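J.: Below is the structure I would like to discuss, written out as structure tokens.
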Amino acid sequence: MRLNLTEYLESEGRKAEITVTYEKPSLEILPEAKELAGTFSMNLSIRNEEKGCVLLQGSGTLICKDVCDRCLTALDTEAPIQIEERITEGEIRGEAGDEAEERSYLDGYELDTDRLIEVYAAGAYPMKILCKEDCLGICSKCGHNLNEGDCGCDRFVPDPRMAAIGEIFAKGK
Ligand SMILES: [Zn+2]
Ligand SMILES: [Zn+2]
């Protein structure tokens with residue numbers, strides 16, 4: 001959704017509560033997109049704080065379909081977001097100089113709510129996705145999920161340095 005902030009910046013005391021829905025099927029947070037487990041909507045409050053200054057506030061939890069980093073089991077992952085942004089007209093006009101924040105969700109006076117949600121979700125999305133803290137992962141030989149019991153494979157990996165020494169001995173014979 002694109003919202004024009006002009007009236008909220010200009011009219012003192014102007015405020016609104018808007019239901020904002022994330023409009024894409026996947027949460028586009030770099031480096032990859034995460035498929036949403038359900039529609040994400042939240043209430044966004046837009047309030048004029050003083051002339052030329054608007055305050056945006058809203059919170060909610062995005063739920064995405066993801067997989068455990070170790071065992072690849074599908075699981076829902078939550079990204080709780082809490083938006084609080086104060087935007088000034090001076091910033092929009094480029095008069096705030098070096099102190100202006102980088103606001104990729106603003107295009108002039110227009111607010112791109114999808115992008116605003118993405119910026120916050122990217123910061124809130126867990127770095128590590130694990131089905132449980134002590135997930136055992138999968139067998140490197142047969143791909144069996146080791147949380148479901150051992151598969152009986154011999155997963156002993158010889159140390160490559162030891163293997164090199166072994167080769168030297170073998171050549172010497
Ligand atoms: Zn796991
Ligand atoms: Zn195995």
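J.: Going by the structure shown, is residue 67 surrounded by 13 or more Cβ atoms within 10 Å (Cβ to Cβ), in contact (Cβ under 8 Å) with a residue 60 or more places away in the chain and touching a Ser or Thr at 6+ places or on another chain (Cβ under 7 Å)?
T.: Details: surrounded by 13 or more Cβ atoms within 10 Å (Cβ to Cβ): yes; in contact (Cβ under 8 Å) with a residue 60 or more places away in the chain: yes; touching a Ser or Thr at 6+ places or on another chain (Cβ under 7 Å): yes.
In short, yes.
J.: Next question, about the same structure. Are any residues in segment 27-41 part of a strand (DSSP E or B) and in contact (Cβ under 8 Å) with a residue 40 or more places away in the chain, and if so, which ones? Before the answer, list the steps.
T.: Step one: filter segment 27-41 for residues part of a strand (DSSP E or B), giving 27-29, 32-36, 41.
Matches in segment 27-41: 27, 28, 29, 34.
J.: Sticking with this structure for a sec: So which pairs qualify, if the first residue must be in segment 9-26 and touching a residue at least 60 places away in the same chain (Cβ under 8 Å), the second must be assigned to a strand (DSSP E or B), the Cβ gap must be under 6 Å, and the two must be at least 6 apart or on different chains?
T.: 9/54; 20/42; 20/44
J.: Here are some conditions: (1) among the small types (Gly, Ala, Ser); (2) modelled with pLDDT of 95 or more; (3) within 16 Å of residue 120 (Cα to Cα). Residue 33 meets all but one. Which one does it not meet?
T.: Evaluating residue 33 over (1) among the small types (Gly, Ala, Ser); (2) modelled with pLDDT of 95 or more; (3) within 16 Å of residue 120 (Cα to Cα) leaves (2) as the failure.
J.: Provide a single number: the residues in segment 65-81 that are in contact with a Cys (Cβ under 7 Å, 6 or more places away or on another chain) and farther than 23 Å from residue 43 by Cα.
T.: 5
J.: Filter segment 70-84 down to the residues that are over 30 Å from residue 141 (Cα atoms) and buried (at least 16 other Cβ atoms within 10 Å of the Cβ) and list them by number.
T.: Filtering segment 70-84 down to residues over 30 Å from residue 141 (Cα atoms) leaves 78-84.
Answer for segment 70-84, where residues must be over 30 Å from residue 141 (Cα atoms) and buried (at least 16 other Cβ atoms within 10 Å of the Cβ): 79, 81, 83.
The values are calculated or read from the model by the stated rules, or taken from the named source; none is laboratory data. What you see is a predicted model; the values in this text were computed from it and never measured. All Cβ positions, even for glycine, are placed from backbone atoms using ideal geometry, and neighbour counts span all protein chains on display.
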